[in-house]
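The values are calculated or read from the model by the stated rules, or taken from the named source; none is laboratory data. Please read these numbers as outputs of a predicted model, since none were measured by experiment. Note that we place each Cβ from the backbone using ideal geometry, even for glycine, and neighbour counts take in every protein chain shown.
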Amino acid sequence: MSVITVDHLRKTYRRLVAVDDVSFDVEPGEIFGILGPNGAGKTTTVECVQGLRRPDGGTIRVLGLDPTTQAAQLRQRIGSQLQDSALPGRLRVAEAVELFAAFARRPVDRDELLARWHLEEQRSKAFDSLSGGQRQRLFIALAFVNSPELVFLDELTQGLDPQARRETWDLIREIRHGGTTVVLVTHFMDEAEHLCDRVAVVDGGRLVALDSPQGLIDGLELPSVVRFSTAEPDLAWLEKLEEVESMTRRRDAVEIRGAGPVLALVASELVAHGIVPRDLRVDRPTVEDAFLALTGRAIRR
């Protein structure tokens, strides 16, 4: 049985259609990513699923409950870290955890939670005195205070430094292995690629793709880029390879775009012609490349 079932969801704000006929399922124990440009409808979709907004059409079931009519029951079983969150400036970290725990049926141990998210040294600090990264870690910790079966994380690692981001990824994987299902809304394509089992790409309020990160890439048949350096003046014969789409050159730097095992074929041909290239490497397509191919490169305002 799916943890989340969204069927033909629609949400409008007067004349603006924020979510238009979106359907997807989230399976137990997976990390499910929702990606999209600014204003694509990601946050609205997640807010409808959590019962924070009332949809104008379609049906939603979360843990077998209707979030529109059974929101109070649902909130006892889910955790949520919203993109725009705040706490009273004088509220101390430990007090915030105690406050949220007071509303939970199954609160986690406060000290364990603070230790997991590296907030022990900040436990007596007021919210106003926390850095951006510390605030973000606190909001994530509060999302887990009630031992949720399902947790929603909107811009999980926003404001975190690279070390904290990687450690947070490890903790999310650990939480998933413990049985919690995770819905991750993110602008960070590398985050989706490293963490998510499946990703939904939303654009203009519609679902434009749903697959594993690698499945998105493979389905679009995006080219790989082989790069190397050589002083050899004539490489025109490389363009005759069936897998090579294009070749560009700037002085000694060569860039070849192609499909399939293009790296192996180019390397083989170079060796056959007695050329030993410097710094031969390949850049394979990423989730970011797939995202741009699906949604375009124009900046959304």
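Scanning region 219-240 for residues that are out of contact with any Lys or Arg (no Cβ under 8 Å at 6 or more places or on another chain), surrounded by 16 or more Cβ atoms within 10 Å (Cβ to Cβ), assigned to a helix (DSSP H, G or I) and of a type in the set (Phe, Trp, Tyr) turns up nothing. Which is closer than 13 Å to ASP283 by Cβ and modelled with pLDDT of 95 or more, of ILE256, ILE217? So the residue among ILE256, ILE217 that is closer than 13 Å to ASP283 by Cβ and modelled with pLDDT of 95 or more is ILE256.
Applying the set (1) in a strand (DSSP E or B); (2) surrounded by 14 or more Cβ atoms within 10 Å (Cβ to Cβ) to ALA267 leaves exactly one unmet item: (1). Listed here are the helices (runs of 4 or more DSSP H) enclosed by region 120-212 that have at least 1 residues being over 28 Å from ALA293 (Cβ atoms): 132-143, 162-177. Selection of first residues in region 144-155 that are at positive phi and of second residues that are surrounded by fewer than 22 Cβ atoms within 10 Å (Cβ to Cβ), restricted to Cβ pairs under 8 Å at least 6 apart or on distinct chains, gives the following pairs, ordered by first then second residue: SER147/ALA104; SER147/ARG106; SER147/PRO107; SER147/VAL108; GLU155/GLN83; GLU155/HIS187.
Which one is surrounded by the most Cβ atoms within 10 Å (Cβ to Cβ), of the residues in region 1-53 that are touching a residue at least 24 places away in the same chain (Cβ under 8 Å) and basic (Lys, Arg)? Looking at residues that are touching a residue at least 24 places away in the same chain (Cβ under 8 Å) and basic (Lys, Arg), I get LYS42.
Taking strands (runs of 3 or more DSSP E) as the structural unit, those lying wholly within region 1-109 and holding at least 1 residues that are under 18 Å from the mean Cα position of the chain (by Cα) correspond to 4-13, 16-26, 31-35, 78-81.
For region 103-113, the criterion of being under 20 Å from ASP161 (Cα atoms) and among the small types (Gly, Ala, Ser) is met by no residue. Checking region 196-207 against the condition returns a match, with at least one residue being buried (at least 20 other Cβ atoms within 10 Å of the Cβ), within 9 Å of the chain's Cα centre (by Cα) and of a type outside the set (Phe, Trp, Tyr).
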